[in-house]
Each structure stands twice: as structure tokens, then as C-alpha cells.
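Asks: Let me give you the structure first, and then I'll get to my questions.
The values are calculated or read from the model by the stated rules, or taken from the named source; none is laboratory data. In this text the structure is predicted, and so the values were computed from the model without any measurement. As a convention, Cβ positions derive from the backbone with ideal geometry for all residues, glycine included, and neighbour counts pool all protein chains shown. Quick note on the areas: whole protein, heavy atoms, side chains included, nothing else; ligands and nucleic acids left out. Shrake-Rupley method; radii C 1.70, N 1.55, O 1.52, S 1.80 Å.
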There are 2 protein chains.
Amino acid sequence: MARKTGSHSEITGPRIRAAAQHLFARHGYAAVSMRQIAAEVGVQAGALYLYTPDKQSLLADLMRDHLESLLAATAALPPQPSPADRLAQFARFHIGYHIERPDAVFIAYMELRNLEPAQFAEIEALRRRYEDVLEDILRAGHRAGQFSIPDSKLATMALIAMLTGVTNWYREGGRLRRHDVEAIYADMALKSVGALAQP
Amino acid sequence: MARKTGSHSEITGPRIRAAAQHLFARHGYAAVSMRQIAAEVGVQAGALYLYTPDKQSLLADLMRDHLESLLAATAALPPQPSPADRLAQFARFHIGYHIERPDAVFIAYMELRNLEPAQFAEIEALRRRYEDVLEDILRAGHRAGQFSIPDSKLATMALIAMLTGVTNWYREGGRLRRHDVEAIYADMALKSVGALAQP
DNA sequence: GTCTATACCATGATAGAC
DNA sequence: GTCTATCATGGTATAGAC
């Protein structure tokens with residue numbers, strides 16, 4: 001992330017990005033002003049431009065960092081013996097990762113329309129790569145005769161939407177524990193593609 | 001919807017709401033100006049205030065109308081003999097209804113945070129009533145021993161998110177026909193709660 | 001590296017002519 | 001019923017002092 005000068009501050013930049021992430025997630029990119037971000041950090045609005053060329057880049061950087069981290073974490077998952085195990089692993093991972101980063105996730109899914117074309121294309125490509133991780137699993141299970149899915153792209157979109165929806169309601173310290181939530185979602189995901197025998 | 005005077009125009013009001021719905025869905029409430037809405041209708045910005053007291057009410061009215069229509073349509077669904085049939089009917093209905101009204105749906109799900117507290121509470125209550133329709137079905141299936149769901153609230157949120165996600169990718173005239181999409185989603189929904197035997 | 005000050009523009013909303 | 005004109009406010013972003 002381009003800082004404009006050979007500056008010393010290693011702390012203000014991250015704080016600006018944290019404040020922006022928090023405010024964008026809560027109120028939406030378009031509804032948040034640079035003045036609000038600056039106020040949350042405790043600097044003047046003008047000072048933000050030492051750390052970002054403009055508001056748009058602030059958003060795009062947040063989204064890119066999130067999606068690149070997500071992809072890296074996905075790539076680091078340990079190999080699994082079967083498509084069903086891979087899907088269970090993916091579902092648990094997705095739930096856990098999203099529960100831990102509600103703001104970044106929310107922004108990445110909701111603020112695509114506020115990106116300008118060039119940055120939209122870049123971010124959309126990253127998101128698409130993540131969807132492909134799941135679709136690969138589903139296709140492998142379909143080829144192996146273990147999943148029953150008429151259309152792998154539709155199933156991918158359905159599962160991603162189902163799993164990501166956890167951010168709409170899950171709250172730390174609520175009725176259900178994180179581990180239980182992961183288990184139940186993974187179970188529903190497996191059953192939805194016919195990968196689990198009925199009781 | 002309160003028009004300010006005993007006016008004659010039966011056409012401009014609806015056109016304003018249609019333009020607002022279209023623009024809010026495409027760019028987001030906060031990113032759309034009253035001038036843009038007026039331009040799309042072909043009137044001046046000031047003229048909008050003959051039909052709405054302010055921008056906020058324009059948004060709240062769109063959301064209220066959508067959710068009330070949705071609830072009315074849900075209530076009008078023909079009775080079904082079993083929880084599984086009710087769930088299949090709900091899934092197909094939800095998919096079809098959402099496919100036909102992508103803009104209204106998108107706004108109702110995305111712009112809650114741009115409502116002020118009083119209107120938020122009202123709209124949120126309507127949304128909650130719709131979720132309860134699904135949760136009632138899931139609980140009935142659970143009581144009857146036909147659904148396998150550890151937590152009915154979680155399952156409700158998971159299914160609503162999965163089904164609503166259709167608006168993220170489905171496009172008229174695309175690869176899949178509407179009827180096929182309804183059928184596949186309904187099948188995944190039933191399987192996810194253990195209501196369909198595996199092949 | 002951060003500040004104050006400010007340029008410049010778009011916003012939501014209103015007043016009053018027609 | 002719609003227009004033009006306008007208001008006060010707040011938006012992004014920059015300039016230049018320190």
C-alpha cells in the first residue's frame with residue numbers, strides 16, 4: 001500500500017484502515033465520510049491522504065487484502081482423502097474464517113458495486129477464484145459419484161450464500177458456540193449435495 | 001404513501017418510486033442523489049418533494065411495500081399435506097418471487113442499515129415475520145420427525161441465505177431456466193434438512 | 001507527519017414564480 | 001404540478017505552515 005513519502009509512522013496507516021473497515025462495514029462505503037474516518041483515528045481529514053491516494057483505494061485495499069488472505073488460508077488447508085471430507089473442511093473453514101472477520105467479509109460481499117471498473121474487475125477475479133475452490137470440490141464429488149448435484153455452478157453459489165449468511169446473525173457470546181455452528185453448517189452443506197446418508 | 005396535496009397525477013408518484021428502486025438497487029441508497037432520481041423520471045429535484053417527505057421515506061416505503069407484498073403472497077400459498085411439501089413449496093416460492101423482483105429484494109436485504117431507528121424497527125419486524133414463516137415449517141417437520149435439524153433458528157437463517165443468494169447470479173435468459181433453478185434449490189433445501197432420501 | 005485552512009463541488013431540502 | 005433559484009451543509013481533496 002503506497003505511502004507517499006519515506007515516512008516513519010508504522011501505526012497510523014493500519015489504524016486508518018481499521019477505522020475505515022469498521023465504519024464501512026457498519027454504515028456502508030458511500031455513507032461514510034473521510035472526516036468520520038479521520039475522527040475515529042484522531043487525526044484531521046487531510047492527514048488521511050498521506051496514507052491513501054483516495055477513498056476508493058482505501059476500499060479496494062481492504063477488499064484485496066481480505067480476499068488474498070482468504071485464498072492463502074484456503075490454499076494452506078491440509079489435504080483430505082475424499083470429496084466429502086474436503087467439503088466438510090471447506091464449510092467449517094469458511095464459517096470459522098467469516099465468523100472471525102465479520103467486517104472484512106461484509107465489505108467484500110456488499111461493496112463491490114462501489115468499486116470503479118478497473119478495481120471491480122480485480123476484486124471480482126479474486127472472489128471468483130475463491131468460488132472456484134468450492135466448485136472444484138463439488139465437481140470432484142460429482143465425478144466420483146458421491147455428490148448429487150445437477151449443476152455445479154448453482155450448487156457453488158447456493159452453498160457459498162448459505163455459509164456466508166452466518167455473518168447475518170452469529171454473534172460472539174450468543175446462544176450457540178462457534179464450534180457447534182461450524183458443525184451444523186457443515187452437516188447441512190454435506191446433506192444438501194447428497195453426501196451424507198440420512199439417519 | 002402521503003402525497004402532500006390533493007393532486008391529480010397518478011403517474012409521477014409511481015415513476016419516482018420505480019426510479020428510486022432501480023437506482024438504489026444498482027448503486028446503493030447512500031450513493032444515489034435525489035437529483036439522479038429526478039433526472040431518471042424527467043422532473044426537477046424539487047418536484048420529488050411533492051411525492052415524498054424526504055429521501056429516507058422513499059427507501060422505507062419501498063422496503064415496506066416489498067415486505068408486505070411478500071408476506072401477503074406467502075399467506076396466500078395453498079395448504080400442503082406435509083412439512084416436506086410445505087418446505088418445497090416455500091423454497092420454490094421464495095426463489096421465484098425473488099427472481100422476479102431482484103431490485104426490491106436487494107434493497108430490502110442490503111439497505112436496512114440506512115434506515116433510522118424507528119423505520120428500521122418496523123421493517124426489521126416485517127422481515128422477522130417472513131423468517132418465522134420458514135421457521136414454523138422447519139419446527140413442524142422437526143416435531144413430526146421428518147426433518148433432522150439441531151437448531152431451527154440456525155437452519156432458518158441458513159436456508160433463507162441460500163435461497164436469497166439466487167439473486168447474486170441468476171439472470172433472465174441465462175443458462176438455466178427459472179423452473180429448473182426453483183427445482184434445484186428446492187431439492188437442495190429439502191436435502192439439507194434431511195427431508196429427502198438419498199438416491 | 002500532522003496540522004489548519006480552504007478550494008470547489010454535490011447534497012438534501014425549501015421558496016416562490018408560473 | 002413543475003419549474004428555477006437558492007440555502008445551508010457537508011463531501012473529497014489539496015496547499016502550505018510548522
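Asks: Being surrounded by fewer than 17 Cβ atoms within 10 Å (Cβ to Cβ) and in contact (Cβ under 8 Å) with a residue 60 or more places away in the chain is the filter here; which residues of region B:142-171 pass it?
Replies: Matches in region B:142-171: B:Ala144, B:Gln146.
Asks: Taking region B:20-39 on its own, how many of its residues are open to solvent by less than 20 Å² (accessible area, probe 1.4 Å) and under 20 Å from B:Tyr109 (Cβ atoms)?
Replies: Looking only at that region, the number is 6.
Quick grid of which residues meet (1) within 16 Å of DNA strand C (Cβ to nearest atom); (2) among the aromatic types (Phe, Trp, Tyr); (3) away from chain A (no Cβ under 14 Å); (4) more than 11 Å from the chain's Cα centre (by Cα):
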| residue | (1), (2), (3), (4) |
| --- | --- |
| B:Ala20 | yes, no, yes, yes |
| B:Ile37 | yes, no, yes, yes |
| B:Val43 | yes, no, yes, yes |
| B:Ser57 | yes, no, yes, yes |
| B:Met63 | no, no, yes, no |
| B:Leu70 | no, no, yes, no |
| B:Pro78 | no, no, yes, yes |
| B:Phe90 | no, yes, yes, yes |
| B:Met110 | no, no, no, no |
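Asks: Still on this model: What is the residue count in region B:141-199 for residues that are of a type in the set (D, E, K, R), part of a loop (DSSP other than H, G, I, E, B) and more than 7 Å from chain A (Cβ to nearest Cβ)?
Replies: Result for region B:141-199: 4.
Asks: Going residue by residue through region A:131-139, is there one that turns out to be on the phi > 0 side of the Ramachandran plot and either buried (at least 17 other Cβ atoms within 10 Å of the Cβ) or not aliphatic (A, V, I, L, M) (or both)?
Replies: No, the conditions are met nowhere in region A:131-139.
Asks: Among the residues of region A:173-195, write down those that are in contact (Cβ under 8 Å) with a residue 24 or more places away in the chain, touching a Lys or Arg at 6+ places or on another chain (Cβ under 9 Å) and open to solvent by 10 Å² or more (accessible area, probe 1.4 Å).
Replies: If the condition is that a residue be in contact (Cβ under 8 Å) with a residue 24 or more places away in the chain, touching a Lys or Arg at 6+ places or on another chain (Cβ under 9 Å) and open to solvent by 10 Å² or more (accessible area, probe 1.4 Å), then A:Glu182, A:Ala183, A:Gly194 are the ones that fit.
Asks: In region A:119-167, what residues are β-branched (Val, Ile, Thr) and either under 12 Å from the mean Cα position of the chain (by Cα) or closer than 21 Å to A:Val105 by Cβ (or both)?
Replies: Across region A:119-167, the qualifying residues are A:Ile123, A:Val133, A:Ile137, A:Thr156, A:Ile160, A:Thr164, A:Val166, A:Thr167.
Asks: Restricting attention to region A:9-31, does a residue exist that is assigned to a loop (DSSP other than H, G, I, E, B), of a type in the set (S, T, N, Q) and more than 12 Å from DNA strand D (Cβ to nearest atom)?
Replies: Checked against the condition, which is being assigned to a loop (DSSP other than H, G, I, E, B), of a type in the set (S, T, N, Q) and more than 12 Å from DNA strand D (Cβ to nearest atom), region A:9-31 yields at least one hit.
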